[in-house]
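Asker: Take a look at this one; I'll ask things after.
The values are calculated or read from the model by the stated rules, or taken from the named source; none is laboratory data. These figures come from a predicted structure and were not determined experimentally. Note: ideal-geometry Cβ built from the backbone for every residue, glycine included; neighbour counts use all protein chains shown. With ligands, DNA and RNA removed, areas are computed over all heavy atoms of the protein, side chains included. Shrake-Rupley method; radii C 1.70, N 1.55, O 1.52, S 1.80 Å.
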Amino acid sequence: MCGIVGYIGGKPAFPILLKGLKRLEYRGYDSAGVALLESTNLEVLKKKGKVSELEKLTETKTYSSTIGIGHTRWATHGEPSDKNAHPHYSSDQKLAIIHNGIIENYGALKTELSEKGYEFRSDTDTEVFITFIEDIKKTLDLTLEDAVRIALTKVVGAYAIVIMSTEEPDKLIAARKGSPMVIGLGKNEYYIASDASPIVEYTNEVIYMEDEQIAIITRNDLTIVDTKDVPQKAEIHKLDLKLESIEKGGYEHFMLKEIFEQPRSIADCMRGRLNATEGLLTLGGIRNYSEALTNAEKIVIVACGTSWHAGLVAEYIFEDLCRIPVEVEYASEFRYRNPVIREGDILIAISQSGETADTLAAIELAKSKGAIIFGVVNTVGSSISRITHEGAYLHAGPEIGVASTKAFTAQLTILAMIALRIASKKGTISESKYRELLVDLENIPAKVETALKSDDKVKEISSLFKDARNFLYLGRGYNFPVALEGALKLKEISYIHAEGYPAAEMKHGPIALIDENMPVVFIATRDSSYDKIVSNIQEVKSRKGKVIAIVTEGDVLIPKMADHTIEVPATHEALMPLVSVIPLQLLSYHIAVMRGANVDQPRNLAKSVTVE
Ligand code: M6R
């Protein structure tokens, strides 16, 4: 959460920072700000609200500084306001800082600094952090990098920071622990950012900073040390990111673009891995621990949000096809509840961003107990991808809309491929079923394409229900996690209360909610629980609930009972979530747009949840 960007080089820094902040805005949009060195003064410009507010504030001005830092905030300490916006500066106004993360011992530091006479203008932990650095620098008479290094050994928490100083005007100091940071290498210039999106149009050479590393950056030089001042080797990576993939490409919102990208993103995810004609399934990233995975006595899956829903679908697939017991855990619960993990246990961590703090912590915990960790991650080079033993990237391309869509279907695709590989090796499914499922999987992009054709119908249905105050989403078997995912999508972008339930659980409580005003979305495709869910639809209809049913093409029974039906193509039930989720993504999107909500940047949320 929070996006940080920095530049040092020969070009005017301000336009680079502003553009970078727009690219990073999905990480938080409570306020935005920049700090520049104009002649010898620190110019700090910041504003509550989106980057566009900062842009308005600065539109009549020009800035010549060729060094600067910028920040887009997701508030933790202190409400969203001008005064709490970053950058923050030291009490003598000589140092400016941008910070993504939380300093947990800021209270004690603040008391200590207040007793020394320092005063604070904001409610943030970040201002305490920079004042602490200022105090160390002055008391011990240190260079900026040494003061930062010593401060970092005394703070507790997570950070990605960039600091600049009027006294050392040709230098940026950057450091990270637990929050992401990438440095882009240009010719006599460097770019620093939370992810590669602000960097990609200038250079494709990057260094991913590791935890507890500090970078001392001048126009001509980059030195990386650790907190003990030991020089660190940095590996230069080539970025495999296209500029088009982080732009809207003619769509009104990133979310809509990402929904419609799914036939391609699912195909990209399978590319070079699956060949149904040859019966081949290759996952290059899962090699060394492949035997351990195949012979696992149990698999634990950890994730959050939508990724957790993908984990639930995986539980059904792994148990069904591989006959391996699976536990799916919220990473935030797992990390704090003393779970039983033994040496050699298998843990799969699922994350789009690869930076989710709770998932990272859950991995670290399991790793410390000797578990073998597999990652199912979208963002290349992210923290999770680097701390797992093995894994598979989604190759879905950057997902920018806060509501996860194409990452979910790519996660399901990877997890299905892993399950099929295990099942085939273990012989828990027959060769013919294996082959059949490979063909079905290969056909999924075309089926998703067909499911997307329901867009106009979904839009029409959305207009009828856009003012509803509540929604129920019901599904059984493989479609139960899809019900949870549909409800989450609606909640997060349209702010309508929605609950997902296993359809059969309805009669144990939620049925009391049903009346003529309650829209109930049934995910009722033809599968092994079809007859049961038909009965559940009748139970809702007899209580006058309004039924919107997602059904398999050609279903003639449910359309007679439901108020509205949306058809999706048939596929094997284990793969159906890849298809049945599509109309639910569209439903939440259209309802949110009709309610005037900010679809790509829903209130209170951020794309990458790097705080616990
Ligand atoms: O990046 P991750 O997949 O680890 O993120 C997990 C959740 O924060 C994420 O799925 C969140 O629930 C989405 N906003 C859902 O659309």
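Asker: Tell me which residues, restricted to segment 584-599, are surrounded by fewer than 24 Cβ atoms within 10 Å (Cβ to Cβ) and either more than 20 Å from residue 484 (Cα to Cα) or within 11 Å of the ligand (Cβ to nearest atom) (or both).
Answerer: Those that are surrounded by fewer than 24 Cβ atoms within 10 Å (Cβ to Cβ) and either more than 20 Å from residue 484 (Cα to Cα) or within 11 Å of the ligand (Cβ to nearest atom) (or both): 593, 594, 595, 596, 597, 598.
Asker: Please work out if residue 506 is modelled with pLDDT under 95 and open to solvent by less than 10 Å² (accessible area, probe 1.4 Å). Lay out the reasoning, then the answer.
Answerer: Numbers: modelled with pLDDT under 95: yes; open to solvent by less than 10 Å² (accessible area, probe 1.4 Å): yes.
So residue 506 passes the test.
Asker: State yes or no: is residue 279 within 24 Å of the chain's Cα centre (by Cα), open to solvent by less than 50 Å² (accessible area, probe 1.4 Å) and in contact (Cβ under 8 Å) with a residue 24 or more places away in the chain?
Answerer: Numbers: within 24 Å of the chain's Cα centre (by Cα): no; open to solvent by less than 50 Å² (accessible area, probe 1.4 Å): yes; in contact (Cβ under 8 Å) with a residue 24 or more places away in the chain: yes.
The answer is no for residue 279.
Asker: Taking segment 554-612 on its own, how many of its residues are out of contact with any strand residue (DSSP E or B) (no Cβ under 8 Å at 6 or more places or on another chain), of a type in the set (A, V, I, L, M) and part of a helix (DSSP H, G or I)?
Answerer: 7
Asker: Among 407, 396, 419, 403, which is in contact with a Leu (Cβ under 9 Å, 6 or more places away or on another chain), closer than 14 Å to residue 266 by Cα and either within 15 Å of the ligand (Cβ to nearest atom) or not acidic (Asp, Glu) (or both)? Even if it seems obvious, please write down each step before you answer.
Answerer: Values: 396 fails: in contact with a Leu (Cβ under 9 Å, 6 or more places away or on another chain); 419 fails: closer than 14 Å to residue 266 by Cα; 403 fails: closer than 14 Å to residue 266 by Cα.
After applying the criteria, what remains is 407.
Asker: Still on this structure: How many residues, within segment 346-364, are farther than 24 Å from residue 241 by Cα, of a type in the set (A, V, I, L, M), under 19 Å from the mean Cα position of the chain (by Cα) and open to solvent by less than 10 Å² (accessible area, probe 1.4 Å)?
Answerer: Going through segment 346-364 one residue at a time, the tally reaches 3.
Asker: While we're on this one: Test each condition in (1) open to solvent by less than 10 Å² (accessible area, probe 1.4 Å); (2) modelled with pLDDT under 95; (3) of a type outside the set (Lys, Arg) for residue 581 and report the one that comes out false.
Answerer: (2)
Asker: Moving on to the next point. Which condition number does residue 266 fail, the rest of (1) open to solvent by less than 20 Å² (accessible area, probe 1.4 Å); (2) within 16 Å of the ligand (Cβ to nearest atom); (3) within 17 Å of residue 578 (Cβ to Cβ) being met?
Answerer: So residue 266 meets the others, but not (2).
Asker: Right, another one. Is it the case, given these coordinates, that residue 134 is acidic (Asp, Glu) and in a loop (DSSP other than H, G, I, E, B)? Even if it seems obvious, please write down each step before you answer.
Answerer: On the way: acidic (Asp, Glu): yes; in a loop (DSSP other than H, G, I, E, B): no.
In short, no.
Asker: State which residue is surrounded by the fewest Cβ atoms within 10 Å (Cβ to Cβ) when the search covers only segment 365-389 and only residues that are part of a helix (DSSP H, G or I) and within 15 Å of the ligand (Cβ to nearest atom). Working first, answer last.
Answerer: Taking segment 365-389 as the starting set, the residues that turn out to be part of a helix (DSSP H, G or I) are 365-368, 383-387.
Imposing the further condition that a residue be within 15 Å of the ligand (Cβ to nearest atom) reduces the set to 383-387.
Working: 383: 27, 384: 24, 385: 22, 386: 13, 387: 16.
Going through the qualifying residues, I end up with 386.
Asker: Which ones in segment 153-188 are among the charged types (D, E, K, R) and open to solvent by 20 Å² or more (accessible area, probe 1.4 Å)? Break it down into steps so the answer makes sense when it comes.
Answerer: At the first step, the residues of segment 153-188 found to be among the charged types (D, E, K, R) are 154, 167-168, 170-171, 176-177, 187.
Across segment 153-188, the qualifying residues are 154, 167, 168, 170, 171, 177, 187.
Asker: Can we say residue 515 is outside any helix (DSSP H, G or I) and loosely packed, with under 15 Cβ neighbours inside 10 Å? Show your work before the answer.
Answerer: On the way: outside any helix (DSSP H, G or I): yes; loosely packed, with under 15 Cβ neighbours inside 10 Å: yes.
Taking the combined requirement at face value, the residue satisfies it.
Asker: Kindly establish whether residue 429 is of a type in the set (A, V, I, L, M), surrounded by 15 or more Cβ atoms within 10 Å (Cβ to Cβ) and not in a helix (DSSP H, G or I).
Answerer: yes
Asker: Which members of segment 400-415 meet the condition of being in contact with a helix residue (DSSP H, G or I) (Cβ under 6 Å, 6 or more places away or on another chain) and at pLDDT 95 or above?
Answerer: Listed by number, the residues that qualify are 403, 404, 405, 406, 408, 409, 410, 411, 412, 413, 415.
Asker: Being free of Cβ contacts under 8 Å to residues at least 40 places away in the same chain and buried (at least 16 other Cβ atoms within 10 Å of the Cβ), is that true of even one residue in segment 21-36?
Answerer: Taking segment 21-36 first, the residues free of Cβ contacts under 8 Å to residues at least 40 places away in the same chain are 22, 36.
From what's left, buried (at least 16 other Cβ atoms within 10 Å of the Cβ): 22, 36.
Within segment 21-36, one or more residues are free of Cβ contacts under 8 Å to residues at least 40 places away in the same chain and buried (at least 16 other Cβ atoms within 10 Å of the Cβ).
Asker: What number goes with the only condition from (1) open to solvent by less than 10 Å² (accessible area, probe 1.4 Å); (2) under 25 Å from residue 451 (Cα atoms) that residue 398 does not pass?
Answerer: Here residue 398 clears every test but (1).
Asker: For segment 491-500, name all the residues that are touching a Leu at 6+ places or on another chain (Cβ under 7 Å), of a type outside the set (D, E, K, R) and either closer than 15 Å to residue 590 by Cα or in contact (Cβ under 8 Å) with a residue 60 or more places away in the chain (or both). Talk me through it step by step, then tell me what you get.
Answerer: So the first thing to find is which residues in segment 491-500 are touching a Leu at 6+ places or on another chain (Cβ under 7 Å), and the list is 492, 496, 498-500.
With the extra rule that they be of a type outside the set (D, E, K, R), the set shrinks to 496, 498, 500.
Answer for segment 491-500, where residues must be touching a Leu at 6+ places or on another chain (Cβ under 7 Å), of a type outside the set (D, E, K, R) and either closer than 15 Å to residue 590 by Cα or in contact (Cβ under 8 Å) with a residue 60 or more places away in the chain (or both): just 496.
Asker: For the subset of segment 144-193 comprising residues that are of a type in the set (S, T, N, Q) and out of contact with any Leu (no Cβ under 6 Å at 6 or more places or on another chain), which member is modelled with the lowest pLDDT? Talk me through it step by step, then tell me what you get.
Answerer: Going through segment 144-193, the residues of a type in the set (S, T, N, Q) turn out to be 153, 165-166, 179, 188.
Checking which are out of contact with any Leu (no Cβ under 6 Å at 6 or more places or on another chain) leaves us with 153, 179, 188.
Numbers: 153: 96, 179: 88, 188: 96.
In this case the residue turns out to be 179.
Asker: Looking only at segment 314-362, count how many residues are under 30 Å from residue 438 (Cβ atoms) and either part of a loop (DSSP other than H, G, I, E, B) or within 16 Å of the ligand (Cβ to nearest atom) (or both).
Answerer: First, pick out the residues of segment 314-362 that are under 30 Å from residue 438 (Cβ atoms): 314-329, 344-354, 359.
Subset that is either part of a loop (DSSP other than H, G, I, E, B) or within 16 Å of the ligand (Cβ to nearest atom) (or both): 314, 323-325, 328-329, 344-345, 347-354, 359.
Number of matching residues: 17.
Asker: So which residues in segment 482-503 are open to solvent by less than 20 Å² (accessible area, probe 1.4 Å) and away from the ligand (no atom under 14 Å from the Cβ)?
Answerer: 483, 496, 503
Asker: Give segment 245-258 a look and list any residue that's under 12 Å from residue 197 (Cβ atoms) and out of contact with any Pro (no Cβ under 7 Å at 6 or more places or on another chain), or say none.
Answerer: The initial filter retains those residues of segment 245-258 that are under 12 Å from residue 197 (Cβ atoms), namely 245-247, 254.
Result: 247, 254.
Asker: Take residue 444 and tell me if it is more than 16 Å from the ligand (Cβ to nearest atom), surrounded by 24 or more Cβ atoms within 10 Å (Cβ to Cβ), modelled with pLDDT of 95 or more and within 30 Å of residue 379 (Cβ to Cβ). Can you show your working first?
Answerer: On the way: more than 16 Å from the ligand (Cβ to nearest atom): yes; surrounded by 24 or more Cβ atoms within 10 Å (Cβ to Cβ): yes; modelled with pLDDT of 95 or more: yes; within 30 Å of residue 379 (Cβ to Cβ): yes.
So residue 444 fits the description; yes.
Asker: Taking helices (runs of 4 or more DSSP H) that do not extend beyond segment 187-295, which have at least 2 residues that are touching a Phe, Trp or Tyr at 6+ places or on another chain (Cβ under 8 Å) and not acidic (Asp, Glu)?
Answerer: Per the criteria, 254-260.
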